[in-house]
Each structure stands twice: as C-alpha cells, then as structure tokens.
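What follows is a short report on a single structure.
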Amino acid sequence: MAVTSERRRGPGGLPYLLVTPLLALIAVFVLYPMAEGVWVSLYDSRDLVPRSEEFAGLLNYRWLFRSPATLAAIRVTVVYVAVTTIAATLVGLASALVLNASFRGRALFRAAVTIPWGTPLVATALIWFWMFDPQYGVINYGVRLLGLSAQGVPWLISPGWALPAVMAVDVWRTFPFGTLVLLTALQAIDPNLYGAAAVDGAGGGSVFRHIVLPSIRPSLLILALLYTICGMKRFDTIWILTQGGPADRTNVLSVFIYREAFRNFRVGQASAMAVVGVLLGLAATVVYFTLERRDDPA
C-alpha cells in the first residue's frame, strides 16, 4: 500500500532538481548576456560598460531602420540565409537519397561525405580563398580551360560574384549535416511501405511524393530551422573570404555587428543590431513551430 501511495504522489521535486543545473547554465551564459546586450543597446556608447549620461533610449533602433547600411545588411542576410538553407537542404536530400540506396562502397561514400563538415572551418575557408584566386586559383584554371572566360572570374572581389561564391562555400560545408539527418530519417521509413507501393505499381516519383516526403517532413522542417539559425550567425567563413565586401555585398548581420562594434566602436548601435538579429531568429523559430503544429493531427 505504501508503494502504491508513493507511485501516486509521483517523483515530487526530483525532475526540477535535475534540470536546475541546466537552467542555471542557460541563465548565466544565454539569458544574462542577452539582457546585457539589450541594456547596452539603449545607450549611445563606445564602451561595453556605458555611462548613465550616454542613455539614448530607442534612438539606436531608430537609427538602424533609417540607415541604408542597416537595411542593406538585413537584405543581404535574408538572401544569404534563404539561398544557403534551400540549397543545403536540397543537396543534403539528394545525397541522402543516393546514400540510402544499396551499392558497392556505400560505407566509404557515407564516411567521405562528412569531410566538408568535419574539416576545421578556418582551414577550409583559407583553402577556398586560394582556390578562388583570380590568377592562380584552381577554379579559374578550370574556367579558362573550359573556355568560359579568358581572364577568369574575380570571384571574391567582384560585387556580382562575391555573394554567390561565399554562399557556395557555405553550402559545400553544411550540406553533409543535412545528409546525415535526412539519411537517418530515410532509414526509419518502414520497408513494407515500399513493398506495398511496388505491388500497386507506383513509380519512383509517386513513392517519393506519397511515402518518402511525408515521412521525412519533420526532419526537413527541423533541418531548415537549424540551417536558418546557423546561417544568421555565420561570420567566420564570410570574414575570412571577403570581410563583408566588396561594396558591402556580403555584409551580413554578423559581419555588420562586428564592424560596428570593433571597427567603428559604436557598441550601442551594434548591440541594437544584435537584438534585431535575435528577433529574426525567434521569428524563424515561431514559423517552424507553427508549421509543426499545423501538421500535428492532435
């Protein structure tokens, strides 16, 4: 009887006790810095510790949305995140479908596809920087060899080519993560569904639309969310390749914030821009959970 009564009472405060260390870490390393950033954004300060006489209220936010440079950075960020998210997801899906099939050497190819994702980021960015070199880069060597351009393409110094080049590097680096996530989702599909589709005479396109795509949809949504959030925070690759140039054509939010804070020493305005970036990330998260709830039959 005592055991039954104990079970009815439940675990009590034990679950809360177990999550307390995690909540403490989140409060110290996430919530407190975010609150500090919001506080600094209300000051027209050149220091990380603003003085009371530097209080500016919402003037920094007003400056952000009136500044052509800020609007251009938001526009570049939206394009960058949208293109890299869609491209990395599609490439990851295509490679996952290939690696889910049975062929000789499949295990080797599954291991090889993770190389771009597992290689140190700075090292790969520098390698791509050399590959994009207008005179001696291997990419322009191929362009000249194919007769596409006698002079080559100034990939990283051309306003028209810099952003596509940086996005291509980002897609190359991040698509293996999508491959692993979607490959796991593909392997979780019940094989009997494929057998039933074969009996009904369904073709490859019908199987993909009616079996594969609905089964991996939750993984696709969470993958798109992760790609979106990571794309909004992308800094190192862009900084190594272009530092936001040329002519601010690759000046995404993270680069813009860094330049404002540590090059122009406008810490208050940089903090306001960081707050805007957080709000954009939260908006993407809300969209994800809205789509997930709409698909939830409950």
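Just wondering, is there one or more residues in the range 86-93 that are open to solvent by less than 40 Å² (accessible area, probe 1.4 Å), over 30 Å from Ala27 (Cβ atoms) and not in a helix (DSSP H, G or I)? Checked the range 86-93: no residue is open to solvent by less than 40 Å² (accessible area, probe 1.4 Å), over 30 Å from Ala27 (Cβ atoms) and not in a helix (DSSP H, G or I).
Taking residues in the range 21-42 that are within 20 Å of Val267 (Cβ to Cβ), and partners anywhere that are polar (S, T, N, Q), the pairs with Cβ atoms closer than 7 Å and at least 6 places apart or on different chains are Gly37/Ser271; Val40/Ser271; Ser41/Asn60; Ser41/Ser271.
The values are calculated or read from the model by the stated rules, or taken from the named source; none is laboratory data. Just so it is clear, the model here is predicted, and its values are computed rather than measured. Virtual Cβ from ideal backbone geometry, glycine too; neighbours counted across all protein chains shown. These area figures cover heavy atoms from the full protein model, side chains too; ligands, DNA and RNA do not enter into them. Shrake-Rupley method; radii C 1.70, N 1.55, O 1.52, S 1.80 Å.
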